[in-house]
1. Filter the chain for me: DSSP H helices, axial length by Cα at least 18 angstrom, mean Kyte-Doolittle hydropathy not below 0.0. List them by residue number.
2. Can you tell me the Rg and the Dmax, both Å, for the Cα atoms in region 9-62?
3. Using a simple charge model, +1 on the beta-carbon of Lys and Arg, -1 on the beta-carbon of Asp and Glu, nothing else, what dipole does the chain show about its Cα centre, in debye to the nearest 20?
4. Figure the gain on full extension for Glu71 and Gln27 (residue separation times 0.36 nm, minus the Cα-Cα span) and round it to one decimal in nm.
5. Among residues other than Ser17 whose Cβ falls under 14 Å from its Cβ, what is the net charge (Lys/Arg +1, Asp/Glu -1)?
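Computed from the coordinates by the stated procedures, all read-outs in this text should not be read as laboratory data. No experiment lies behind these values; they were computed from the predicted model shown. Note that we place each Cβ from the backbone using ideal geometry, even for glycine, and neighbour counts take in every protein chain shown.
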Amino acid sequence: MTLNLTLPEDLYRQIASLAERQQVSVQRLAAAAIAEQLAGWGRVEAMAERGSRQKFLAALDKVPATEPANEDRLPPEHN
């Protein structure tokens, strides 16, 4: 099967460079990357199916309603 994909030039250069270093084709590297992403999403979906909204809310109820410590806050430029 063929898939035509438009990528930003910089991303394509990164893929081509990695493919060259690994001595594989760009197509093979791209297919492997897509397969890995699909497997990752499959794992996320499997975990989501095991989840329970009631258990999540029960766990959330145990979290104290306090302000985070200063070292846990994002710097102002990230807000």
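1. 26-50
2. Just the Cα atoms of region 9-62 yield Rg and Dmax of 18.7, 52 Å.
3. Numbers: 9 positive and 11 negative charges, 81 e Å.
Approximately 380 debye in magnitude.
4. Working: separation 44, 0.36 × 44 = 15.84 nm, distance 4.47 nm.
Taking Glu71 through Gln27 to full extension adds about 11.4 nm, to one decimal.
5. -1
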